[in-house]
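**Student:** Got a structure for you, questions after.
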Amino acid sequence: MTTTVATSAWEELVTSALLGTDRRPAPEGVASLLDTAALHTVRRRAGLLAAPAAVPPEPAAHDPRPALPAPARRRLAQLLADRSGPSGAGGRRGTTPDLTELLPQWLAAAGLHGYRAPASLLPALLDAARARTDLRPQALAFAGPRGLWLAGLNPEWKFALRGAAGGAVLPPPSDTGAVQHLWEEGLFAERVALLASVRAAAPETGRTLLASTWSTERAEDRLMFLDSLRTGLSEADEPFLEQTLSDRSRNVRSTAAELLSALPGSALAGRMAVRAATCVSPDRTGEGAGIVVEAPHECDAAMQRDGVVPTPPAGRGERSWWLGQLVEAAPLSVWPGRFGGRTPQQITDLAVSDDWGEELHAAWCRAAVRQRDAEWARALLGGPGTASLAERAKLLATLPEDERADWVAEFIAAHGLSEAFQLLGVCAVPWAGPLGRAVVDSLEIARDAGSYPWSFSGVMGLAERCMDPTEASRFEALAAMPDEAEGAAPGAGGYWSEAFQRLVSTLRLRAAMLQELEAPA
Amino acid sequence: MNQQGVRWTADQVLALAPDAASRKAGSRLGSAGPWSETGCGGGSGAVWGECKGSGSTPYRTVVDTAGVAYKCSCPSRKFPCKHALGLLLLWASDEEAVQETQSPPEWAGEWLEGRRKKAEEAQSAPEGVTRTADPEAARRRVERRAERVTAGAVELEQRLEDLLRGGLAAAEQSGYGLWEETAARMVDAQAPGLAGRVRELGAIPASGAGWPVRLLEECALLHLLDRAWLGREGLPEPLAATVRTRVGVPVAAEGPAVRDRWLVLAQYDTSDGKLTTRRIWLHGRESGRTALVLDFGAAGRAPGVALPVGLELDAELTPYPGAGQLRAALGEQFGVLGGSGGPPAGMRAADAVAAYGRVLRDDPWAEAWPVTLDSVVPTPAGDAGDTWQLADSDGVLALPVAPDALSRPGLWTLAALSGGGPVTVFGECGHRGFTPLTAWTPDGTDGVPLT
């Protein structure tokens, strides 16, 4: 606020006060100086005027999405308020749900309903997204135009503006001028987002856009752009990818080769098929059917141009390294023909000569993942020690959701939980009934065997987040305090009961959470 | 009057929480899971329930929603505790889980009955009978205290004059010690109001550019208060009462009580480490009056009175004496009306500073005055964008946001609510700017606390 009273007499008074009347005597003494100052102070305060207004901010864009139902709004406030709480990493966590872990699920569900974020919670939402990058895409989409507007006013939320590719700032793909302008002038992240949105609407335009500046892009940018072609990859991309096989950068070349090999009809895939087939043949010498492997003896220039990396990592033989790459990049469709019309299951069951089996199966696994071939994945998953759990998880991801769940359920029933974590991670949420039951059965078995629950805290946490909430009542019996079994770890029963209680209350909470989002505003 | 039926909203309940940790813990207990034996009403305007904790016996929690008081068998020093908050949240959100019943269980009933009896006794007791049992002794006590305060005021005057002889520049070097010692002398003199002001002087030299002027102003106002106390015989009684209040001599609320539908505009706490002061601003729907209810909590204990923003109480308030004073004591409460009738009628920026200016005639020591601003746009101002204004929606005049309020999260809640458009804001308008406390958006009637 401003004041119109600004007299030099006042300034003199301040100077006297500051220096002291001993040095700079006030005309009528100290007490009178204070009297005058008091008079001035009250007069100044009483005479304050409103200030001229600064230029107001541009109003936030209208958000047409409907408001959250009130219970859902309170739930969100609760989830956001809980952010700062202790994380549930390991150890004993008590019986109350870990709300922090439910925030992503809540945001995803709210996103499906298409609600608008409540304005009063935007600051907490932006703070949450600032602290957790994994939340950002969903949190920012939910925050919508007003969230972006608010972030523009506070430097702490700058990240929101950088990551604002959620369609809010991208021009529509049909606006050729704007698209071209952003492609040429935009920040890298904006350009990647633009390419994705243009490709989704008009793939041809996307390729033209990319080709128009390709030769001037930096190598790491070329690699990222190329990588973004993975989404929506189609036969039409082949000519462009073929060209990039001769790129200056080796990483770009190998990525282009990888993408081409994921297109079974591509010329590259055809070339790799020929090479692989010469190395892997039916065994005609022995009594039973089998597979003979003859690994390549050299890695020629043509192979290298098609993305085969000539130098193996330390500890691996050159020939097996090359073989693996050829088989991995060859279309899986080549094999039934090569093995007398056998199915993938029959082929993977064949014996492989000279210990090449592991090598060959591993390469097939990679090919199945790359080509998203469920039939091969199914055949390989059952295979003997085919691959690591990580690779199994990748194979699983190519299967339809219900089959995936069934497979993991059976795996857990047979092998228990200790290796299931990664596999559970690729199963659709909420877990299908049989999968959930398999998990809980195994937990119960582990409890009865006398382990402590924190050995299973990872699976338990997943179960809390992924189990179908309607299953909650099944577990109530488990949440009861059991009798201390003979030979059981001391006190374990109590901890288990606590862990199951938490599971039940988390499932209940999730059910309530989802129900609140259904309610009319 | 509607004691039963009207349940508070969850937001109103959460506004009661003494701190963020309690809010969080209370929220967790706000679902049916741990609760049993719950109920509400029973002709008493209360909510009760048993909450399973980690121990073998559940905690027993009961809340008197008419008088707003809590009791819980848990050992928490927080007030209200997480169980009380959780119970109220459950009551607010789940009519199934907390059902109306005829009568509370015995343990809750006893406490509620005890409260009612006490209230009746207080009501029926003749005004001030117990306190003035011996009017002569009381008069002597008052006189002795006045003498002590007078001695303190004289000493303080001497110290202020010494300070000005030596120069304020020296105050920067002398640091807190000087002020702390002086403040302690004022506590001895039974003048806590003077002590508080002296303590605040100590913080000014570290308050940034322009501190000498601010220090001079505050010294001058303190001098004015000393002089006013020493000359109180010659003052008109309302001003003399204000001076007594400012100096810190206890004054009793004295009628007549005002019964109204009181809307809770804001509630916030400040603490000086030893004492937590809770301020609750109320607006009388019928009288149009604004009143301030103060409550205190010693050493880490939250004050006992808690009223959620947006609640409307049918209650009596008894004003304290003094010109320009809004403080009132919460008297009998006849019920909770639910509310959400929207903000009181607001004013423009220029009217707000004028209102503050006017109150200085009655109380020159007033730091700020409660006002509701109608249709203001929160606007970043200043070159660095690190200051804010609340600008009239016609974009001509504005109030700067007070420096203290700039670093509070509530400022961003306010900005988010506005989205660049006009909002109605209740807060305190003073010489350092405007402190926003509660905001209402044009499309809703629920006030959002910014504290």
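**Student:** Which fully enclosed helices (runs of 4 or more DSSP H) of the stretch A:115-203 have 3 or more residues being crowded, with 20+ Cβ neighbours inside 10 Å?
**Tutor:** A:122-131, A:136-151, A:188-201
**Student:** Oh, and also: Check B:194, B:178, B:201, B:224 and return the single one that is closer than 16 Å to residue A:33 by Cβ and in contact (Cβ under 8 Å) with a residue 12 or more places away in the chain.
**Tutor:** The match here is B:224.
**Student:** Among the residues of the stretch B:268-279, are any farther than 28 Å from residue B:145 by Cβ and at pLDDT below 95?
**Tutor:** yes
**Student:** Has the stretch A:7-22 got any residue that is of a type in the set (Asp, Glu) and outside any loop (DSSP other than H, G, I, E, B)?
**Tutor:** Looking through the stretch A:7-22, at least one residue is of a type in the set (Asp, Glu) and outside any loop (DSSP other than H, G, I, E, B).
**Student:** Determine whether residue A:448 is at pLDDT 85 or above, surrounded by fewer than 18 Cβ atoms within 10 Å (Cβ to Cβ) and out of contact with any Gly (no Cβ under 6 Å at 6 or more places or on another chain).
**Tutor:** no
**Student:** Taking the stated definitions as given, is residue A:206 more than 30 Å from residue A:301 (Cα to Cα), in a helix (DSSP H, G or I) and within 14 Å of chain B (Cβ to nearest Cβ)?
**Tutor:** no
**Student:** Name the single residue, out of those in the stretch B:72-118 being among the aromatic types (Phe, Trp, Tyr) and touching a residue at least 60 places away in the same chain (Cβ under 8 Å), that is nearest to residue B:304 (Cα to Cα).
**Tutor:** Applying the filter and picking the extreme gives B:79.
**Student:** How many of the residues in the stretch B:317-332 are assigned to a strand (DSSP E or B) and surrounded by 20 or more Cβ atoms within 10 Å (Cβ to Cβ)?
**Tutor:** 3
**Student:** Just for the stretch B:373-386: of the residues that are of a type outside the set (Asp, Glu) and under 15 Å from residue A:152 (Cα atoms), which one is farthest from the other protein chains (Cβ to nearest Cβ)?
**Tutor:** By that ranking, first place goes to B:384.
**Student:** For the stretch B:138-188, which positions are out of contact with any helix residue (DSSP H, G or I) (no Cβ under 7 Å at 6 or more places or on another chain) and among the small types (Gly, Ala, Ser)?
**Tutor:** B:138, B:146, B:151, B:166, B:170, B:174, B:175, B:177, B:184
**Student:** For the stretch B:135-189, how many residues are hydrophobic (A, V, I, L, M, F, W, C), surrounded by 18 or more Cβ atoms within 10 Å (Cβ to Cβ) and within 14 Å of chain A (Cβ to nearest Cβ)?
**Tutor:** Selection size over the stretch B:135-189: 7.
The values are calculated or read from the model by the stated rules, or taken from the named source; none is laboratory data. Computed from a predicted structure; not experimentally measured. Positions of Cβ are generated from backbone atoms using ideal geometry, with glycine treated the same way; all protein chains shown enter the neighbour counts.
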